[in-house]
């Protein structure tokens, strides 16, 4: 069933999967012919344990890049009704026995009417973790925390983040894709310093374009370590073009933490609304 379908075909049941994975060993989410991906592992595992005799197709809330982690990823798959009824109580345990250690399916359940893992979502929340201790990052956290060799000012980065909130064209922070819009609504950007010294950015938006979170974090780190003034990330945003000073920070510090959905009775409407190509009113950035 195509990800653009509003409902499963007759005789099929839409099943929601809640997943987590360590992205270090994957070339991103999306299936690739010669590379190991999360989608490839999960689709193959489902087809194997259910003995479907053919491929299945997952639709995901957000296609993470190579090296990016997730603990709140959501996907859906349309399964034959008789297979689902026979296996629904065993599928999660059977997947745990078949999947590799770096990807887990923690939730399996029949999706409400109108649910689409991608198009029904109203927001995605990511966390980016930065360690700025002069001695480096705790070796046990090295796969999930970026080391920055200068101290960062969390309050300055929070001030810079507040200037980015709202609906804007984030072309300056996105890798362009043909025919895709770069207009997004940034709902939340905030930094907190954990007790262990790690600085954590929470970034939440209705959707993200390619490299957006990592580029935003890169711009805010320039503010945090004193290289740029507080208003720099907003100035880059207003320019709508990539800025040579803004680095797309490394993927291992980024984790998809959660995907938000509306109440069940609004899922179908959101599913349709999210497919519309977005534009900004005249005069807006």
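The values are calculated or read from the model by the stated rules, or taken from the named source; none is laboratory data. Quantities reported herein were computed from a predicted structural model and do not represent experimental measurements. Cβ coordinates were reconstructed from backbone atoms using ideal geometry, including for glycine residues, and neighbour counts include every protein chain displayed.
Residues to consider are 52, 19; find the one that is in a strand (DSSP E or B) and either outside the structural domain of residue 207 (by TED's automatic domain parsing) or under 22 Å from residue 119 (Cα atoms) (or both).
Being in a strand (DSSP E or B) and either outside the structural domain of residue 207 (by TED's automatic domain parsing) or under 22 Å from residue 119 (Cα atoms) (or both) holds for just one of 52, 19, which is 19.
Among the residues of the range 86-108, count how many are under 30 Å from residue 272 (Cβ atoms) and touching a helix residue (DSSP H, G or I) at 6+ places or on another chain (Cβ under 9 Å).
The total comes to 5.
If you check residue 259 against the conditions, is it buried (at least 19 other Cβ atoms within 10 Å of the Cβ) and assigned to a loop (DSSP other than H, G, I, E, B)?
No; evaluated as a whole, the condition is false for this residue.
What number of residues within the range 211-228 satisfy the criterion of being surrounded by 14 or more Cβ atoms within 10 Å (Cβ to Cβ), without any contact (Cβ under 8 Å) to a residue 40 or more places away in the chain and over 25 Å from residue 65 (Cα atoms)?
Summing the residues that are surrounded by 14 or more Cβ atoms within 10 Å (Cβ to Cβ), without any contact (Cβ under 8 Å) to a residue 40 or more places away in the chain and over 25 Å from residue 65 (Cα atoms) in the range 211-228 gives 1.
What is the number of the single condition among (1) surrounded by fewer than 14 Cβ atoms within 10 Å (Cβ to Cβ); (2) touching a residue at least 12 places away in the same chain (Cβ under 8 Å); (3) touching a strand residue (DSSP E or B) at 6+ places or on another chain (Cβ under 8 Å) that residue 150 does not meet?
Checking residue 150 against (1) surrounded by fewer than 14 Cβ atoms within 10 Å (Cβ to Cβ); (2) touching a residue at least 12 places away in the same chain (Cβ under 8 Å); (3) touching a strand residue (DSSP E or B) at 6+ places or on another chain (Cβ under 8 Å), the one that fails is (3).
Yes/no per residue for (1) over 27 Å from residue 273 (Cβ atoms); (2) buried (at least 18 other Cβ atoms within 10 Å of the Cβ); (3) not assigned by TED's automatic domain parsing to the domain that holds residue 238:
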site	(1), (2), (3)
114	no, yes, yes
128	yes, yes, no
167	no, no, no
170	no, yes, no
189	no, yes, no
192	yes, no, no
203	no, yes, no
206	no, no, no
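Name the one entry in 223, 137, 152, 217 that is modelled with pLDDT of 95 or more and within 19 Å of the chain's Cα centre (by Cα).
Every option except 217 fails the conditions.
Between a residue in the range 106-129 that is at positive phi and any residue that is crowded, with 17+ Cβ neighbours inside 10 Å and not in a loop (DSSP other than H, G, I, E, B), which pairs come within a Cβ distance under 9 Å, given they are 6 or more apart or on different chains?
Hits for this filter: 114/267; 114/268; 114/270; 114/271.
For the range 157-188, which residues satisfy the criterion of being within 17 Å of residue 248 (Cα to Cα) and either out of contact with any helix residue (DSSP H, G or I) (no Cβ under 7 Å at 6 or more places or on another chain) or assigned to a strand (DSSP E or B) (or both)?
Within the range 157-188, 171, 175, 176, 177 meet the criteria.
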